[in-house]
Amino acid sequence: MINDYAIEASGLSKHFGDLKAVSKLDLKVPRGKIYGFLGPNGSGKSTTIRMLCGLLTPTEGTANVLGTAIPGSARELKPRIGYMTQKFSLFGDMTVVENLQFIAEIYSVPKKDRRTRIDELLGKYDLVGQRRQLAGTMSGGQKQRLALACAVLHHPELLLLDEPTSAVDPQSRRDFWANLFRLAEGGTTIMVSTHYMDEAERCHRLAILDRGIKVADGTPQELQASTGMHIVEVTADDPYQAQEALDCDEHIRSVTQLGMRLRVLIPEQFSQPVGLVQQHLDEHGVTADVRLTTASLEDVFVSVTMSPEERAA
Amino acid sequence: MKSLSRLLAIIRKEVRQLRRDRLTFGMIVGIPVIQMLLFGYAINTDVRNLRTAIADQANTHLSRQFVAELRETQVVDIIEFVDTPAALDKRLRLGEISIGVVIPHDFDRRVLDPERPAVQLLVDGSDPTISSVAIQLRNMPIAFDTGTSAPRNHNIEIRPNYNPERRTPVNVIPGLMGIILTLTMMMFTAVAIVRERERGNLELLINTPVSSAELMIGKVIPYIVIGMIQLALILVVGDLLFQVPMRGSVLDLYLASGAFIAANLALGLVISTIAKTQFQAMQMTIFMLMPSILLSGFVFPFAGMPRFAQLLGEILPVTHFIRLTRGIMLREAGLMELYPELVALGLFTLVAMTAAAVRFTKRLD
Ligand SMILES: Nc1ncnc2c1ncn2[C@@H]1O[C@H](COP(=O)(O)OP(=O)(O)O)[C@@H](O)[C@H]1O
Ligand SMILES: [Mg+2]
């Protein structure tokens, strides 16, 4: 069955007792794309990924992953997906090569191909120097590259990566994303969860998750274009004072400080956002440069994770 | 085919990790040897050569014969003859002797009189072992201080097999084998699996094509081999240090042990599906170990236990294993003669394995 989507989920929910970790999630993940899953800690990213690979049984709802129905026997799915757990889950007391060999054996990679495949991965993921090192003694970035190498060793069609970059430095993160793009170009579908905005921005599409509920999805551009908010940027010498001046107005949904700048979110219905901000600043005697700007993903995140009351007020 | 190679991959991995785990490796050898030394030497109520003094106030042919026979038992080591019971008291108090024997003037007459004790034993009651020996001595066919059982014959006869329930190493070690294997096999498997869960390895493994059966069997096989190695170790140490006989066939013993090890590994698997942390797994192992020591006939004779305790004991694999090892090693019994015990072990393994397989699903919830 040819299907444009690697993953289709409808009404997927997972409850742990009273806690609704994931609620009525609908997802469509296109093939060959990098699909981001953005949300703060505890928003249900890991739970969703675990349901999609058959590790957790959904409380409600169904999904179709690479043509396999969830819930159901995920057995034939296993060789076709690669899963990188949030916590490093390879064997710390085995060397890099031993870990790769083990994974190769588990996935029944033919004996004659094993060596070349492992050497290829060691080169690709910059682990040649670590081949005889115990995995447990490596740095965060090295562990992460090993985990990715193990997840892709058997050429999976779908890669599920759960916060792969949470324990690595910025340079390693950039390199890691370069690897993901290379894999996606090769036709692999990648679903990656993150709580970093800059990473979410690199995805072809993304869904934003808040307390188990999907609050937005689309391409980063679509999301940025449809916040329903004016974004006013305020550059002030004294951002604290400026923030105080703006906090009192109920039209102003949110004020976020970024260094010397403030990002002020005001509903689109309001026609004079710059004037409003300027007026408050003048009243408090704050001198600042005020201008309208376009939404960043951070602004999208702030606006979609507001409670309905905050939004409507 | 693929399944077999996955199984081999798991076994290889397990062995590789075991080789690097010095602590576990040390325990494989250390637990049997240390336990053997502890139990082999300590659980030994075959008390001999208790320091004894005698106040023979009769000094007749009969009393001297009694002393000679007392000496022959080797239970007592007669170091001194004194004149009065008071002298015995003093030596007891000072700890110079453990037993004092008073033979009264009218010993010859008392022996014939069922109403009066013929001999008085003064005992250092602060040591329970010595008291128990004294009680055994009292049960000899001569009436001592209590005089409750009168002698029926005039000859003073002291039986050398004064301790019919002798717990020499010869009797302890076949049982100890069962206890050691219970502890190590159950603990190693339970901890090995729980550790993988704690470290997150299991989440990775169950997302691969490995099946639950491959995972469980692959984890268990290396430990069967380890159990067999421990068994060899126990037999060698038992032979060298305690001269424990091996009257039956070694092959029979190994077959019996195979069945027993399987039962314990299955139980370890069950524990691993319940325990969330390594600590819990250890606790549950100890919880299972206590009845294995107390109710299996290892410490207390099975026949003397209350009915309920016996029933519990029958459920424990180690009870059956101890019967098997005592039978094979000490009584030269053939494995087939002991088949009910084998059947019991097989049943236990089957039930435990089923329980483990049902509980061990390839899921996290
Ligand atoms: N096995 C579990 N049992 C109970 N609660 C859980 C379990 N797994 C996750 N949760 C809860 O579900 C919520 C979502 O968790 P998770 O999916 O791990 O979030 P994220 O990956 O986005 O940080 C959290 O509140 C977490 O505490
Ligand atoms: Mg998570």
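Since every read-out is calculated from the coordinates, none of them should be taken as a lab result. Note that the structure is a prediction, hence the values are computed from the model and not measured. Note that we place each Cβ from the backbone using ideal geometry, even for glycine, and neighbour counts take in every protein chain shown.
So here's what we get for this one:
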read-out	value
Other-chain or far-sequence residues with amide H under 5 Å of A:T62's (modelled H)	A:S10, A:L12
Theoretical FRET efficiency, 1/(1+(r/R0)^6), r = Cβ-Cβ of A:R174 and A:K28, R0 25 Å, to 0.05	0.30
17 Å reach of a label modelled at A:L134, 7 Å along Cα-to-Cβ, counting backbone N of segment B:16-36	B:16-27
Summed side-chain charge close to B:L347 - residues other than B:L347 whose Cβ falls under 13 Å, Lys, Arg +1, Asp, Glu -1	-2
Residue among A:I103, A:I49, A:I190 with the largest mean-square fluctuation in a Gaussian network model of chain A, springs linking Cα atoms under 10 Å	A:I103
Filter on A:K45/B:K13; A:K87/B:K2; A:K20/A:K214; A:K124/B:K2; A:K14/A:K45; A:K87/B:K276 - keep pairs with C-alpha separation over 22 Å	A:K45/B:K13; A:K87/B:K2; A:K124/B:K2
Taking A:K111, B:K2 and counting other C-beta atoms within 10 Å, the order from fewest to most	A:K111, B:K2
Cα gyration tensor category, rounded, prolate or oblate, for segment A:228-294 with a/c compared to 1.5	prolate
Residues listed by number, segment B:1-27, amide nitrogen under 16 Å from A:R114 label point at 7 Å toward C-beta	B:1-17
Per DSSP, loop chymotrypsin sites (Phe, Trp or Tyr not before Pro) in segment A:103-208 with at most 16 further Cβ within 10 Å	A:Y196
Mean separation of Cα contacts under 8 Å, 6 or more apart, over the residue count of segment A:43-99: relative contact order %	24
Summed side-chain charge close to A:P239 - residues other than A:P239 whose Cβ falls under 14 Å, Lys, Arg +1, Asp, Glu -1	-4
Global form of chain A, assessed from the alpha-carbon gyration tensor, a/c cut-off 1.5	prolate
Calculated [θ] (222 nm, deg cm²/dmol) that DSSP helices of n ≥ 4 give over the protein assembly as shown, each run adding -39,500 (n - 2.57)	-15500 deg cm²/dmol
Net charge of neighbours whose Cβ lies under 15 Å from the Cβ of B:G248, counting Lys and Arg as +1 and Asp and Glu as -1	-1
Two-site label geometry, B:L62 and A:R291: point separation in nm, points 7 Å out along Cα→Cβ	12.8
Partners for A:K112 among aspartates and glutamates (Cα-Cα distance below 16 Å; same-chain residues under 8 apart left out)	A:E120
Hypothetical label at B:S3: residues of segment A:69-86 whose amide nitrogen lies under 18 Å (7 Å Cα-Cβ projection)	A:73-79
Alpha-carbon centroid distance for the pair segment A:255-289 / segment A:10-46, whole angstrom	35
Between segment B:182-206 and segment B:255-315, the Cα center-to-center distance that results, in Å	19
Relative contact order of chain A, defined on C-alpha pairs under 8 angstrom at six or more residues apart (%)	19
